[in-house]
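Have a look at the structure below, then the notes.
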Amino acid sequence: MSFIEESFFKAFSLIFSVNTELFQIIRTSLAVSGTAMILALLVSAGLIYLLEFRKFPGKTLLITLINTLMGLPPVVVGLLLYLLLSRSGPLGVLELLYTPTAMIFAQAILATPIITGLSFAAIRSADPAIKLAALSLGATEFQATCRLVLELRYSILASVVAGLGRLMAEVGAVLMVGGNIAGYTRMMTTSIVMEADKGDFELAIALGIILLLIAFTINGALHFLQKRT
Amino acid sequence: MIKKINGMQLEKQYGGKTVLSCSLQVDSDGIFCIIGPNGSGKSTLLRIISLLEKPDSGELVIADHSQSFVNPFENLNLRRKIVLVSSHSRLFHDTVFNNVVYGLKLRKKDHRNLREQVERTVKMVGLTHKINTIATDLSSGEQQRTAIARALVLDPDVLFLDEPTVSLDPENTKLIENLILDWNKKEGKTIVLVTHSLFQAQTLSDFIIFMYQGKIVELSETKNFFRAPRTELGQQFISGKIY
């Protein structure tokens, strides 16, 4: 049996033997990314509301900033958060460095511009006749926008999935602010990097397979939802 | 019940170009047809008097039996007494039922009777067999009938129609024209309609509003307008010299 085949065989054995360490890592990843996703969705909803309904100075600048941050390098977020949260940093007193909370913030910061930017672009490029139809039937501006969001559900869901993809695949920022502590802040992506570095490929491959399965399940669910509606 | 719509020196510009500069009074429960060459400001005027677009200047007064409202663009109650159906109406990507029920739900009408009301209106436009079909999958004629049903179910005081039969086949055109006439006859409410078809204007309307280059050139009874237009422009338009 070749080295690769042997690694895959061991990886599947790990998955099917319900390995405690493996499932602890998956649990941490899902909890951190799930919470970060909820946070990113809430912030994105607030930002979209602001951009769509409120007039304020610097609005164009905010849109440009959000679009720029869509390509934000994770290590830069990690570095900034590290500086803020480190003992001598301005938020050091909160003692959040190397905790799941710090990782949640890092991931939410990365996902928010993607969800906001893509959703807002979808809303802005939508057929104005949709909103006009709702308004002409007696909707308020807010109700008409809600209807528009409902009409754009596929594009907005796709932006949420893109944001989730960014979270699940992220390594740099969570490694810097989470520290990859076993049983506490160790996540799937950081474990893959560490295990591959050590030459222990079976756990890395097992985690890779699970990550792929999660991505496949999310996309499958989206596709199912699109077909059903 | 809305009794009068009075537009005074309404002006609208797009890109520095004045597309509308007119005054208008609608105070009858008949059918008004706005006609005129392309770019004469018909649809702009319709969007303004249906409270969907604000003019750059001028005053729009809408009066019911007890009071008058000046520029009531933010008055939701008043807005909900008026409905506009556009040409190529944009239906929601949802069933015919959910499209038609949308406006009723916004008005928080008694939810027990919603289904009955919707079914009755959908039957009126001849789409009972398509009530659970996704509206955007219907033919263009059926889509326009759904749009009309979506408006009629709300029983508006004034119904605005912007070229409701444009690019429809003769059968669907006739169906929609009959719907408009029947509703006006039954409910006795005002309809303001923009059309490019002189035949439609002649057969449907009680009054003609003839527009040219953003101005109302004539407002007269339909039979008088088509028999003897008061203006040179009106004569040229009827004879097809300007379009």
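Every number here is computed from the coordinates shown, using simple stated rules; none is lab data. Given the structure is predicted, the values throughout are model-derived calculations rather than measurements. FYI the Cβ positions are ideal-geometry reconstructions off the backbone, even for glycines, and counts take in every protein chain you see.
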Notebook entry, point to check: With each label point set 7 Å from Cα along the Cα-Cβ vector, what nm distance links residue B:236 and residue A:227?
Noted result: 6.2 nm
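Averaged over its residues, how many other protein chain Cβ atoms are within 10 Å of peptide A:123-135's Cβ atoms?
Average per residue, whole number: 3.
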Margin query: With +1 assigned to the C-beta of every Lys and Arg and -1 to the C-beta of every Asp and Glu, and no other charges, what is the dipole magnitude of chain A about the Cα centre in debye, to the nearest 20?
Written below: 860 debye
Next item on the list: Pairs to check: B:42/B:174; B:3/B:185; B:12/B:215; B:81/B:108. Give those whose C-alpha atoms are more than 19 Å from each other in this structure.
Entry: B:42/B:174
Notebook entry, point to check: Does anyone have the angle between helix A:188-198 and the longest principal axis of chain A? Alpha-carbon axes, 0 to 90°, nearest 10?
Noted result: 30 degrees
Next item on the list: Mind ranking A:193-201, A:100-108 by how tightly packed they are, going by the mean number of other C-beta atoms within 10 angstrom, highest first?
Entry: A:100-108, A:193-201
Item checked: For chain B, average projected area of the Cα convex hull in nm² -> 13.4 nm²
Check: Given the rule -39500 (n - 2.57) for each run of at least 4 DSSP H residues, summed and divided by the residues of chain A, what is its mean residue ellipticity at 222 nm, to the nearest 500 deg cm²/dmol?
Finding: -26000 deg cm²/dmol
Next item on the list: Evaluate the relative contact order of chain A (contact order divided by residue number), counting alpha-carbon pairs under 8 angstrom at least 6 apart; express in whole percent.
Entry: 30 percent
Margin query: Could you tell me the relative contact order of chain B? Use alpha-carbon pairs under 8 Å, at least six residues apart, and round to a whole percent.
Written below: 27 percent
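What is the packing order of peptides B:153-164, A:18-29, A:84-95, taking the mean over residues of other C-beta atoms within 10 Å and listing the highest first?
B:153-164, A:18-29, A:84-95
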Margin query: Only four residue types carry charge here, +1 at the Cβ of Lys and Arg and -1 at the Cβ of Asp and Glu. Report the dipole size of region B:167-232 about the Cα centre in Debye, rounded to the nearest 20.
Written below: 200 debye
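For region B:88-155, what is the Kirkwood estimate of the hydrodynamic radius, computed as the reciprocal of the mean inverse distance between distinct Cα atoms, to one decimal in Å?
Radius from the Kirkwood sum: 11.5 Å.
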Next item on the list: Please give the direction-averaged projected area of the C-alpha convex hull for chain A, in square nanometres with one decimal.
Entry: 15.9 nm²
Next item on the list: Using the Kirkwood radius over Cα pairs, work out the Stokes-Einstein diffusion coefficient for the protein assembly as shown at 37 °C and 0.692 mPa s, in µm²/s as a whole number.
Entry: 124 µm²/s
Item checked: Inter-chain Cβ neighbour average for residues B:85-96, partner chain, 10 Å -> 4
Next item on the list: Can you tell me the 0 to 90 degree angle between the C-alpha axis of helix B:96-106 and the longest principal axis of chain B, rounded to 10?
Entry: 70 degrees
Checklist line | Positive-end residue, region A:3-228 charge dipole about Cα centroid, Cβ charges, pick of A:136, A:64, A:75 | finding: A:136
Next item on the list: Report, by chain and number, residues whose modeled amide H sits under 5 Å from the one on residue B:133, excluding near sequence neighbours (fewer than 5 apart, same chain).
Entry: B:96, B:97
Check: Roughly how many debye, to the nearest 20, is the charge dipole of the protein assembly as shown about its Cα centre, given +1 on each Lys and Arg Cβ, -1 on each Asp and Glu Cβ, and no other charges?
Finding: 960 debye
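Enter the mean number of other protein chain beta carbons within 10 Å of the beta carbon of each residue in A:137-145, as an integer.
On the way: counts 20, 15, 6, 4, 1, 0, 4, 1, 0.
Rounded to a whole number, the mean comes out at 6.
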